[in-house]
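After the structure tokens below, expect a handful of questions from me.
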Amino acid sequence: LFAAALYATGIWWNPATPVAEAATAATAIRLCAFVLVGALAGYYARRSRILIEQAHDLAAELRLLARRDFLTGLPNQRALEVALSRRLDAEQPFSLILCEMQAPAGEPVSTERLLDFSDRLTRSVDPAADVARISQEQFGVLIERDSAGMHATVRRIHDALGGEWRVSTGWATFPDDARDGLSLYGAASDRLYARKIVYGQL
């Protein structure tokens with residue numbers, strides 16, 4: 001509409017063109033053509049915006065799924081690494097607890113038992129904790145606790161799971177045991193392995 005009005009204004013201002021030619025069939029045709037082109041451009045622009053928004057939503061869902069364990073629905077190792085980096089950047093004391101489930105000898109871990117274990121583990125820690133499945137039978141827990149609070153959490157985990165499962169735990173605290181993610185995980189793994197030896201679980 002603006003283009004058609006601009007065209008008609010140009011004819012009206014042009015002294016070499018009679019004003020009567022502004023209101024002709026050609027002007028009406030131009031008006032229809034301009035409106036049609038504008039409508040098509042607006043339609044495809046709106047459609048493109050919708051598709052881009054849908055692509056962003058799909059990408060966000062894919063990023064979320066990429067950080068989820070497909071069996072338990074818990075965050076996976078990648079998500080735990082992100083949470084660990086976030087806590088390291090905050091430079092506030094926190095603890096990493098590794099919790100390993102052990103099925104009876106010769107008995108495979110079924111999906112139902114795995115879901116039950118992950119559910120009990122999640123309910124045994126604080127709601128603010130980050131719980132993730134990081135391997136086939138190992139889970140990681142990040143809690144905003146110092147050493148004393150961490151030991152209380154480990155006891156709750158064993159109380160919730162120890163009656164039915166053979167559970168091994170290992171832990172490390174930032175900054176007492178390590179000051180980076182790799183060293184923190186290594187310290188927790190060493191403690192987990194040592195406790196398995198002490199309790200005859202190897």
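The values are calculated or read from the model by the stated rules, or taken from the named source; none is laboratory data. Keep in mind the model is a prediction, meaning the values are calculated, not measured. Note that we place each Cβ from the backbone using ideal geometry, even for glycine, and neighbour counts take in every protein chain shown. Note: areas computed on protein heavy atoms with side chains; ligands, DNA, RNA excluded. Shrake-Rupley method; radii C 1.70, N 1.55, O 1.52, S 1.80 Å.
Does GLU53 qualify as being under 25 Å from LEU182 (Cα atoms), of a type in the set (Asp, Glu), modelled with pLDDT of 85 or more and open to solvent by 80 Å² or more (accessible area, probe 1.4 Å)?
Spelling it out, it is not the case that GLU53 is under 25 Å from LEU182 (Cα atoms), of a type in the set (Asp, Glu), modelled with pLDDT of 85 or more and open to solvent by 80 Å² or more (accessible area, probe 1.4 Å).
Okay, moving on. Within the range 105-125, is even one residue of a type in the set (Gly, Ala, Ser), outside any loop (DSSP other than H, G, I, E, B), touching a residue at least 60 places away in the same chain (Cβ under 8 Å) and under 30 Å from GLY200 (Cβ atoms)?
no
Could you grab the pairs with beta carbons closer than 7 Å, sequence gap of 6+ or different chains, first residue in the range 30-54 and among the hydrophobic types (A, V, I, L, M, F, W, C), second one in a helix (DSSP H, G or I)?
As it stands, the answer is LEU31/ALA4; PHE34/ALA3; PHE34/ALA4, since those pairs meet every condition given.
Here's another thing I want to ask about it. Might you let me know whether the range 35-45 holds any residue that is open to solvent by 90 Å² or more (accessible area, probe 1.4 Å), hydroxyl-bearing (Ser, Thr, Tyr) and more than 13 Å from the chain's Cα centre (by Cα)?
yes
Here are ASP159, ASP126: which of them is out of contact with any Phe, Trp or Tyr (no Cβ under 9 Å at 6 or more places or on another chain), under 18 Å from LYS196 (Cα atoms) and modelled with pLDDT under 90?
ASP159
Further question on the same structure: Just checking, does the range 145-155 include any residue being among the acidic types (Asp, Glu), modelled with pLDDT of 85 or more and either under 18 Å from GLU91 (Cα atoms) or open to solvent by 40 Å² or more (accessible area, probe 1.4 Å) (or both)? Explain how you work it out, then say what you get.
Here is the first cut: in the range 145-155, the residues among the acidic types (Asp, Glu) are 146.
Subsequent filtering for residues that are modelled with pLDDT of 85 or more retains none.
Scanning the range 145-155, I find no residue that is among the acidic types (Asp, Glu), modelled with pLDDT of 85 or more and either under 18 Å from GLU91 (Cα atoms) or open to solvent by 40 Å² or more (accessible area, probe 1.4 Å) (or both), so the answer is no.
ASP190: free of Cβ contacts under 8 Å to residues at least 24 places away in the same chain and of a type in the set (Asp, Glu), yes or no?
So ASP190 passes the test.
Provide a single number: the residues in the range 178-194 that are farther than 16 Å from LEU80 by Cβ and of a type in the set (Asp, Glu).
1
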